[in-house]
Amino acid sequence: MRNDLRTIAGKLGVDVEQLAGNAVLLLPENMESASAGEDFCDAGDSLLLAKLLKREKVPCTTAFDLGVRPKVLDRRGADVWLGLLWLFAENGFFPVAVSVLSEWISTKFMQGSQAGDSESPLDEPTKVHVELCVQRKNAMSRIKFEGSARDFIAVLSAQKELGNRGEE
(Lines give C-alpha, C1' and ligand atoms only; values in the text may rest on other atoms or scores of the structure.)
Protein backbone atom coordinates (compact mmCIF):
# COMPACT_ATOMS: atom_id res chain seq x y z
CA MET A 1 0.00 0.00 0.00
CA ARG A 2 2.98 2.32 0.31
CA ASN A 3 2.81 2.37 -3.47
CA ASP A 4 0.38 5.28 -3.12
CA LEU A 5 3.05 7.14 -1.17
CA ARG A 6 5.54 6.50 -3.99
CA THR A 7 3.04 7.89 -6.50
CA ILE A 8 2.55 11.02 -4.38
CA ALA A 9 6.31 11.50 -3.98
CA GLY A 10 6.66 11.21 -7.76
CA LYS A 11 3.95 13.80 -8.38
CA LEU A 12 5.60 16.17 -5.90
CA GLY A 13 8.99 15.58 -7.54
CA VAL A 14 10.61 14.36 -4.31
CA ASP A 15 12.17 11.11 -3.16
CA VAL A 16 9.85 8.86 -1.13
CA GLU A 17 12.46 8.83 1.67
CA GLN A 18 11.74 12.55 2.22
CA LEU A 19 8.28 11.50 3.37
CA ALA A 20 9.61 8.93 5.85
CA GLY A 21 9.75 9.64 9.57
CA ASN A 22 6.67 11.81 9.57
CA ALA A 23 3.63 11.37 11.75
CA VAL A 24 1.59 13.61 9.44
CA LEU A 25 1.67 14.69 5.80
CA LEU A 26 -0.55 17.63 4.86
CA LEU A 27 -0.66 17.71 1.09
CA PRO A 28 -2.52 19.70 -1.58
CA GLU A 29 -6.18 18.92 -1.92
CA ASN A 30 -5.90 18.28 -5.65
CA MET A 31 -3.07 15.72 -5.51
CA GLU A 32 -5.11 13.25 -7.57
CA SER A 33 -6.18 15.64 -10.32
CA ALA A 34 -3.22 18.04 -10.68
CA SER A 35 -0.64 17.11 -13.28
CA ALA A 36 2.27 19.28 -12.17
CA GLY A 37 3.58 21.19 -9.15
CA GLU A 38 2.36 24.57 -10.35
CA ASP A 39 -1.18 23.18 -10.57
CA PHE A 40 -1.32 22.12 -6.89
CA CYS A 41 -3.73 23.94 -4.57
CA ASP A 42 -3.28 23.71 -0.84
CA ALA A 43 -5.92 24.58 1.74
CA GLY A 44 -5.07 27.44 4.09
CA ASP A 45 -6.46 25.39 7.01
CA SER A 46 -3.84 22.71 6.28
CA LEU A 47 -1.06 25.21 6.81
CA LEU A 48 -2.60 26.39 10.10
CA LEU A 49 -2.88 22.80 11.29
CA ALA A 50 0.74 22.13 10.28
CA LYS A 51 1.87 25.04 12.48
CA LEU A 52 -0.07 23.65 15.44
CA LEU A 53 1.34 20.16 14.97
CA LYS A 54 4.90 21.47 14.67
CA ARG A 55 4.43 23.55 17.80
CA GLU A 56 3.57 20.30 19.61
CA LYS A 57 6.74 18.72 18.14
CA VAL A 58 4.76 16.33 15.91
CA PRO A 59 6.83 15.43 12.82
CA CYS A 60 4.73 17.01 10.09
CA THR A 61 5.48 17.86 6.46
CA THR A 62 3.62 20.06 3.99
CA ALA A 63 4.23 20.50 0.26
CA PHE A 64 6.03 23.75 1.14
CA ASP A 65 8.44 21.84 3.39
CA LEU A 66 9.27 19.64 0.38
CA GLY A 67 10.08 22.63 -1.82
CA VAL A 68 6.81 22.55 -3.76
CA ARG A 69 5.03 25.92 -4.00
CA PRO A 70 1.29 25.22 -4.39
CA LYS A 71 -1.28 27.97 -4.59
CA VAL A 72 -2.95 28.48 -1.21
CA LEU A 73 -6.73 28.67 -1.13
CA ASP A 74 -7.86 31.00 1.65
CA ARG A 75 -11.52 30.20 2.07
CA ARG A 76 -13.54 32.66 4.12
CA GLY A 77 -16.43 30.39 5.13
CA ALA A 78 -16.78 28.47 8.37
CA ASP A 79 -16.02 25.07 6.82
CA VAL A 80 -12.65 23.42 7.47
CA TRP A 81 -10.71 22.33 4.38
CA LEU A 82 -7.69 20.10 4.92
CA GLY A 83 -6.85 18.63 1.54
CA LEU A 84 -4.99 15.31 1.77
CA LEU A 85 -4.20 14.44 5.39
CA TRP A 86 -1.93 11.40 5.72
CA LEU A 87 -1.46 9.99 9.23
CA PHE A 88 1.13 7.30 10.02
CA ALA A 89 -0.33 5.09 12.76
CA GLU A 90 2.94 3.29 13.51
CA ASN A 91 4.63 6.60 14.35
CA GLY A 92 4.75 7.22 18.10
CA PHE A 93 3.32 10.70 17.56
CA PHE A 94 0.09 9.35 16.06
CA PRO A 95 -2.00 9.77 19.27
CA VAL A 96 -0.64 13.30 19.78
CA ALA A 97 -1.39 14.22 16.16
CA VAL A 98 -4.97 12.94 16.46
CA SER A 99 -5.46 14.80 19.76
CA VAL A 100 -4.11 18.09 18.34
CA LEU A 101 -6.34 17.75 15.27
CA SER A 102 -9.44 16.90 17.32
CA GLU A 103 -8.85 19.77 19.75
CA TRP A 104 -8.25 22.24 16.91
CA ILE A 105 -11.47 21.21 15.14
CA SER A 106 -13.45 21.41 18.40
CA THR A 107 -12.02 24.83 19.28
CA LYS A 108 -12.59 26.19 15.78
CA PHE A 109 -16.26 25.24 15.87
CA MET A 110 -16.80 26.31 19.49
CA GLN A 111 -15.50 29.84 18.81
CA GLY A 112 -18.54 30.62 16.69
CA SER A 113 -21.05 29.50 19.33
CA GLN A 114 -22.90 31.65 21.83
CA ALA A 115 -22.85 30.70 25.51
CA GLY A 116 -26.06 28.96 26.42
CA ASP A 117 -26.89 27.74 22.91
CA SER A 118 -28.99 24.62 23.10
CA GLU A 119 -27.45 23.09 19.97
CA SER A 120 -23.81 22.10 19.90
CA PRO A 121 -21.84 23.94 17.20
CA LEU A 122 -20.19 20.59 16.44
CA ASP A 123 -23.53 19.48 14.96
CA GLU A 124 -24.11 22.62 12.87
CA PRO A 125 -24.17 22.32 9.08
CA THR A 126 -20.60 23.61 8.89
CA LYS A 127 -18.48 20.83 7.45
CA VAL A 128 -15.01 19.36 7.58
CA HIS A 129 -13.66 18.49 4.12
CA VAL A 130 -10.67 16.14 4.00
CA GLU A 131 -9.26 13.10 2.31
CA LEU A 132 -7.92 11.15 5.27
CA CYS A 133 -5.33 8.41 4.78
CA VAL A 134 -4.22 6.37 7.76
CA GLN A 135 -1.14 4.29 7.04
CA ARG A 136 -0.46 1.23 9.14
CA LYS A 137 2.35 -1.30 8.69
CA ASN A 138 0.51 -3.53 6.22
CA ALA A 139 -2.61 -1.58 5.36
CA MET A 140 -3.89 1.86 4.52
CA SER A 141 -7.36 3.28 5.13
CA ARG A 142 -8.51 6.06 2.82
CA ILE A 143 -11.61 8.06 3.68
CA LYS A 144 -13.00 10.98 1.70
CA PHE A 145 -14.84 12.85 4.44
CA GLU A 146 -17.32 15.71 4.16
CA GLY A 147 -19.41 16.00 7.28
CA SER A 148 -19.91 17.55 10.69
CA ALA A 149 -17.09 18.28 13.11
CA ARG A 150 -18.62 15.84 15.61
CA ASP A 151 -18.60 13.02 13.04
CA PHE A 152 -15.03 13.81 11.99
CA ILE A 153 -13.84 13.77 15.60
CA ALA A 154 -15.58 10.38 15.99
CA VAL A 155 -13.70 9.07 12.93
CA LEU A 156 -10.42 10.33 14.39
CA SER A 157 -11.20 8.74 17.77
CA ALA A 158 -11.91 5.42 16.08
CA GLN A 159 -8.63 5.61 14.16
CA LYS A 160 -6.77 6.46 17.38
CA GLU A 161 -8.40 3.47 19.13
CA LEU A 162 -7.37 1.18 16.26
CA GLY A 163 -3.84 2.55 16.57
CA ASN A 164 -3.84 1.86 20.33
CA ARG A 165 -4.93 -1.73 19.74
CA GLY A 166 -2.13 -2.19 17.24
CA GLU A 167 0.43 -1.29 19.90
CA GLU A 168 -0.72 -4.02 22.30
- Query: Which of the residues spanning segment 11-51 are buried (at least 20 other Cβ atoms within 10 Å of the Cβ) and among the acidic types (Asp, Glu)?
  - Reply: GLU29, ASP42, ASP45
- Quick one: would you say SER46 is at pLDDT 90 or above, in contact with a Pro (Cβ under 9 Å, 6 or more places away or on another chain) and in a helix (DSSP H, G or I)? yes
- In segment 58-85, which residue that is among the charged types (D, E, K, R) and free of Cβ contacts under 8 Å to residues at least 24 places away in the same chain is surrounded by the most Cβ atoms within 10 Å (Cβ to Cβ)? ASP65
- Task: Six or more apart or on different chains, Cβ under 6 Å: which pairs go from a residue in segment 14-25 that's under 19 Å from ARG69 (Cβ atoms) to one that's part of a strand (DSSP E or B)? Could you list them?
- Result: LEU25/THR61; LEU25/TRP86
- Message: Residues that are of a type in the set (Phe, Trp, Tyr) and modelled with pLDDT of 85 or more: list the strands (runs of 3 or more DSSP E) wholly contained in segment 68-168 that include at least 2 such residues.
- Response: 80-88
- Hey, does segment 49-62 have a residue that's at pLDDT below 90 and within 17 Å of VAL130 (Cβ to Cβ)? no
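The values are calculated or read from the model by the stated rules, or taken from the named source; none is laboratory data. Quantities reported herein were computed from a predicted structural model and do not represent experimental measurements. Ideal geometry is used to build each Cβ from the backbone, glycine not excepted, and the neighbour counts take in all protein chains shown.
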